[in-house]
Amino acid sequence: QTGMFTFDPGFTSTASCESGLTFIDGGEGILLHRGYPIDQLAEQSSFMEVAYLLLNGELPSPGEFDDFQYTITRHTMVHEQLKTLYNGFRRDAHPMAIMCGVVGALSAFYHDSTDITDPVQRKIASHRLIAKMPTIAAMAYKYSIGQPFLYPENSISYTGNFLRMTFGVPAEPYEVNPVVEKAMDRIFILHADHEQNASTSTVRLAGSSGANPFACIAAGIACLWGPAHGGANEAALNMLHEIGTPDKIPEYIARAKDKEDPFRLMGFGHRVYKNFDPRAKVMKETAAEVLETLGVDDPIFDVARELEQIALNDEYFIEKKLYPNVDFYSGVILSAIGFPTTMFTALFALARTVGWVAQWNEMISDPEQRIGRPRQLYTGPTMRDYVPLGSR
Ligand code: SDX
């Protein structure tokens, strides 16, 4: 169950990685976190419990869980001066641009937890990152709509706190909808960690140089933003809206199959899963539950399900082993809850911070770990002598 990095065909980089956090069997559509199947965790656990599991290796006892949640709630506020940083952005800045900037700047505010050689500081930095991400993401949203920031309310759950900071206003009390809270918490679980994906590898590579954890997580956020990776949830919903109605689906399926057309079906395909993505199954069930409970009749969900059916019966997608991934249905739920598409990847980053932090801790606490140094297949010119400018 060790994962080996292969940066180039035939080369195994010096940044080979062994990890005990997450196991994926792409052929069987299996995803385990510390041995527990993702569907069981999504159905029966909570995001905070999964965070404890990924960080510590075992499910917590009730006492351990209370202590962990208490610690996390004590780190949910951000330094007041961080607000000044937000005011430096344009109101229409993409929330991921704000997340990259603000998280990267955290080491300037919390330099007492940047010494990676000190296990106590590593633990404090880890808790700070997990605790503050909902506050930072909610502030990015509030800033974009010109509403005042809300401080965290530590008497409610981690996910309920995030929903309140995002959708609540000072002028009136905010009641967390339990259906929305459960769906949001389940979405966070489904995005928590995923072995050595591009953004986690970015965090590990940055961390292997000894960079502080806040800078490493900011690097992961930057990588996740790409539409081939975490940006796919935003791109997938935009694609479904562009398709608009089921009768337009064949046109987009044809484009996805056309080698001359760079268009790809967003939310479909995966480097590792060559069978269904187990997270997509849970996401699809959750979408149906949330839409029904909230009484939202979103025709886009019908387009998504119809598109999935057509693609799964198309020989191109069958041959290429392309299935819906975690990003295909998540946007339908997030949209029903009230998030704009620009916030989708920020939510992915919020959840994946748990995995990034757990993977960073696993790497940095290994006394044998060395700086990552991927190799290359050189394809440039062979050695040759310099020709002075006057002779060219
Ligand atoms: C995430 O790594 C992770 O674990 C990531 C992630 C996580 O939790 O961290 O799971 C999150 O990033 C999920 C993926 C989100 N991205 C998208 O949904 C964007 C659309 N998907 C594609 O861009 C693509 O499927 C990737 C980027 C996800 C994977 O790219 P690969 O590795 O190149 O895909 P592949 O090798 O399996 O492709 C095989 C073939 C290729 O055609 P050929 O070169 O063989 O002719 O299938 C084609 C690809 O062009 N293909 C698609 C396609 N995805 C792959 N064709 C049309 N539509 C698609 N979506």
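Restricting the search to the stretch 281-319, which residues are over 25 Å from the mean Cα position of the chain (by Cα), of a type in the set (V, I, T) and within 16 Å of the ligand (Cβ to nearest atom)? Correct list: I310, I318. Just for the stretch 165-176: of the residues that are more than 21 Å from D66 (Cβ to Cβ) and crowded, with 17+ Cβ neighbours inside 10 Å, which one is nearest to the chain's Cα centre (by Cα)? Per the stated criteria, the residue is T166.
Residues that are within 13 Å of the ligand (Cβ to nearest atom), polar (S, T, N, Q) and in a helix (DSSP H, G or I) are absent from the stretch 320-329. Looking only at residues of the stretch 229-280 that are among the acidic types (D, E) and either more than 23 Å from F344 (Cα to Cα) or within 10 Å of the ligand (Cβ to nearest atom) (or both), we find that the one that is nearest to the chain's Cα centre (by Cα) is D277.
Considering each residue of the stretch 255-274 in turn, at least one proves to be surrounded by fewer than 21 Cβ atoms within 10 Å (Cβ to Cβ) and touching a Gly at 6+ places or on another chain (Cβ under 6 Å).
Test of understanding: among I30, I72, I24, I98, which residue is aliphatic (A, V, I, L, M) and touching a Pro at 6+ places or on another chain (Cβ under 8 Å)?
Details: I72 fails: touching a Pro at 6+ places or on another chain (Cβ under 8 Å); I24 fails: touching a Pro at 6+ places or on another chain (Cβ under 8 Å); I98 fails: touching a Pro at 6+ places or on another chain (Cβ under 8 Å).
Criteria check complete, one pass: I30.
Restricting the stretch 198-217 to residues that are within 13 Å of the chain's Cα centre (by Cα) and surrounded by 24 or more Cβ atoms within 10 Å (Cβ to Cβ), the residue that is farthest from L32 (Cα to Cα) is I217. Listed by first and then second residue, the pairs with beta-carbon distance under 8 Å, at least 6 apart or on different chains, first residue in the stretch 52-66 and at negative phi, second basic (K, R), are L53/R34; L54/R34; E58/R34. Annotation: of all residues in the stretch 1-47 being modelled with pLDDT of 85 or more and aromatic (F, W, Y), the one that is nearest to the chain's Cα centre (by Cα) is F47.
The values are calculated or read from the model by the stated rules, or taken from the named source; none is laboratory data. Note that the coordinates shown come from a computational prediction; the quantities given were computed from them, not determined experimentally. Neighbour counts are summed over all protein chains in view; Cβ atoms, including those assigned to glycine, are modelled from backbone coordinates with ideal geometry.
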